[in-house]
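Since the structure comes first, as structure tokens, the remarks are kept for the end.
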Amino acid sequence: MIAIVDYGMGNLRSVQKALEALGAPAETVADPERIRGADAVVLPGVGAISDAMAELRRTGMDAAVRDFLPTGKPFLGICLGMQMLFEESEEHAPGEPAPRGLGILPGRVRRLPGGPGLKVPHMGWNTLHDVRGPLLGEAGGTSVYFVHSYYVESADRSVVTARATHGLAFDAAVGRGNLDAVQFHPEKSGAEGLAILGRWLRAGGLAR
């Protein structure tokens, strides 16, 4: 069973429909024990990282995600789900402490710069570059769909598997072992997004 982590925030149904379209049944799951026992886990998300992390901690699903990763089974973070894998974020009001993420990967979440002709949030299609690795190795030069105001700055450059540019070049995807995560929305990225999800499923033995 592919478990989509349900913590009350995120585009759960669109992710579920995309996986089902590829022949991989998935369920939205709010039970930490079912996360731990899943065949694969998807951590999606939209909204503020502080709210998302507070809900993960309240439900115990932060610990369930940490417990799942050493199993070696496939894990995919999407958008805010990628940002939460890192240590801390700049997404907070002045004078407030920086929100802490799951701390699975070293690095920080920073705000995208604005400026003439640069809208924040960065919303729409953008091209991937500096692409490598099995998940995205065929996606160099491909446009995918983004919706975000913050970006990841990974402290470990070896895990970065793709970048994109909006005012600056930012980390658009990371991968380490059984963990993959993308800043963009594959479930909203048309045929190429489905191809990326299909490669993730096949690499994990979840689909043909």
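We did not get these values from a lab; they are worked out from the coordinates using the rules stated. Since this is a predicted model, take the numbers as computed values, not measurements. Don't worry about glycine lacking a Cβ; one is built from the backbone with ideal geometry, like all the others, and counts go over all protein chains shown.
Observations on the model:
- Segment 123-148 residues near the modelled residue 21 label - backbone nitrogen below 19 Å, point 7 Å along Cα→Cβ: 124-126, 136, 139, 142-147
- Inter-label distance for residue 149 and residue 58, nm, one decimal - labels placed 7 Å from Cα along Cα-to-Cβ: 2.1
- Taken along the Cα-to-beta-carbon direction at a fixed 7 Å, the label points for residue 100 and residue 51 span 2.2 nm.
- GNM result for the chain, Cα springs below 10 Å: residue of 177, 77, 95 fluctuating most strongly: 95
- Euclidean distance between Cα centres, segment 119-197 to segment 56-105, Å: 18
- Among 122, 92, 185: highest mean-square fluctuation, GNM of the chain, C-alpha pairs under 10 Å: 92
- Label-point separation in nm, residue 30 to residue 67, each point 7 Å along Cα→Cβ: 1.9
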